[in-house]
Amino acid sequence: MPRLPVPAARLPDTGPPLLLSVVFWVVLAATALVYAAALSVSPAPVGQVVAFGVNLAVVTGLWPVLPWRRTRGWRAAAAVVFLVATFTLGITGSNEIHQLLTLIAVANVAFVHGMRAAGVIVGCLCCGVFTSVMVLYGHDVLDAVGQTVPVAVFAAFVLGMTSAVLEARRRREEAQRLLARIRELTIAQERARMGAEMHDSLGHHLTVIKLALENAERFRTRRPESAWDEVRQAKDLTRQALLDARRWVRALRPLALDGHVGSAALQQLAASFDGTGLGVSFEVVGGELPLDPDVELVLYRVLQEGLANAVRHAGARHVRGSLAFHGDRVVLTVADDGRGRDGRDGRAGGGFGLRSLAERAGAVGGTLTAGDRPGGGFEVRAELPAWTRAAS
């Protein structure tokens, strides 16, 4: 089977974290209020006030459209413009409160353009702060260093936090890619198993039907009665093949049946065999616990396999399923009254289906056993934890 391409997992751009948005709007409002308060005490030239207002409007307008992952085009450029706009708030009259906005802009640049670009920009930012303190405000070197060092320290802290977030995002995307790959392999494995099982059941019926019809064609003139016997046999086999196909369709229904999960899904699966000639009973013992989704799936597949084997191989008339809860463990038993392993075709007892289920049970920390019952018939027993370690 050719391998299907696995699309690269890509998390959507959900915007900045909520807390970061709250900080932005609080600092932006504080910057505007402090500037207005300063104007009431010491009026500034109209041109400077207009420049500050335009600068503040640019920062406010860019915030909702900023990207928060690598991208290209005008949105990538918007991150750089936003950084410059927050920095120039200090030049147009802000009283250093805006520097938190600049640090937020540095984090945004790291998200969009990468850590290396953000590091270069932080270096340029520190040089800009040092230069502006000395040139624009006429302070000495010590004052410039004193104002530059806090900016550098906070910028390094912001870059460190941003790096951690980017690493977590990368690992999450990698995990999603692995999940997509596992899902693909699981589907391929199930298709191979179903193909083999359907070949054994439906393929056998169709082969015998073909031979019967060929015999009927050969006997139609010399032995008409024998020809009709072959046709009747083909009709009987056709009904059996159709019944087998319907059982397959019922057995391959998905885990969530009309919104049911847990024991309800297992009961629904058992009930789906009503009217097929196989009597199925199912009971729940003990107080039901919420189950890990992986454990639910293994239980569902165990019951599915037990019912399908009883139909295809055991010649059973009745199957009894029992789901028992013991502390933090859950036990599913599927027992039939058929021929058992020794009376089957040699592959049913230890075939691919049960081996695969044993591996699945082991993967979630449980065990699966299968074998003949002392009183006759065949039994499959799965004992699993209610929750896996990964889930807890």
(request) List the number of the failed condition for Cys126; all other conditions in (1) modelled with pLDDT of 85 or more; (2) touching a Ser or Thr at 6+ places or on another chain (Cβ under 8 Å) hold. (result) (1)
(request) State all residues of the range 162-180 that are surrounded by 13 or more Cβ atoms within 10 Å (Cβ to Cβ) and over 21 Å from Leu19 (Cβ atoms); if no residue qualifies, say none. (result) Glu173, Gln176, Arg177, Ala180
(message) Which numbered condition in (1) modelled with pLDDT under 80; (2) over 19 Å from the mean Cα position of the chain (by Cα) is the only one that Ala156 fails?
(response) (1)
(request) Output yes when any residue across the range 161-177 is touching a helix residue (DSSP H, G or I) at 6+ places or on another chain (Cβ under 6 Å), touching a residue at least 40 places away in the same chain (Cβ under 8 Å) and hydrophobic (A, V, I, L, M, F, W, C), and no when none is. (result) no
(message) Residue under question is Val302, and the condition is that it be assigned to a helix (DSSP H, G or I) and assigned by TED's automatic domain parsing to the domain that holds Ser356; does it hold?
(response) yes
(request) Mind listing whichever residues of the range 10-61 are among the β-branched types (Val, Ile, Thr) and without any contact (Cβ under 8 Å) to a residue 24 or more places away in the chain? (result) Val22, Val26, Val41, Val46, Val50, Val54
(request) State whether the residues of the range 65-73 include one that is aliphatic (A, V, I, L, M), modelled with pLDDT of 85 or more and out of contact with any Cys (no Cβ under 7 Å at 6 or more places or on another chain). (result) yes
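Is there a residue being assigned to a loop (DSSP other than H, G, I, E, B), within 24 Å of Ala241 (Cα to Cα), charged (D, E, K, R) and at pLDDT below 90 anywhere in the range 320-336?
No, every residue in the range 320-336 fails to be assigned to a loop (DSSP other than H, G, I, E, B), within 24 Å of Ala241 (Cα to Cα), charged (D, E, K, R) and at pLDDT below 90.
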(message) So for the range 341-356 (the condition being at pLDDT 85 or above and either on the phi > 0 side of the Ramachandran plot or crowded, with 19+ Cβ neighbours inside 10 Å (or both)), does at least one residue qualify?
(response) no
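The values are calculated or read from the model by the stated rules, or taken from the named source; none is laboratory data. What you are looking at is a predicted structure, and each value in this text was computed from that prediction instead of being measured. Cβ coordinates were reconstructed from backbone atoms using ideal geometry, including for glycine residues, and neighbour counts include every protein chain displayed.
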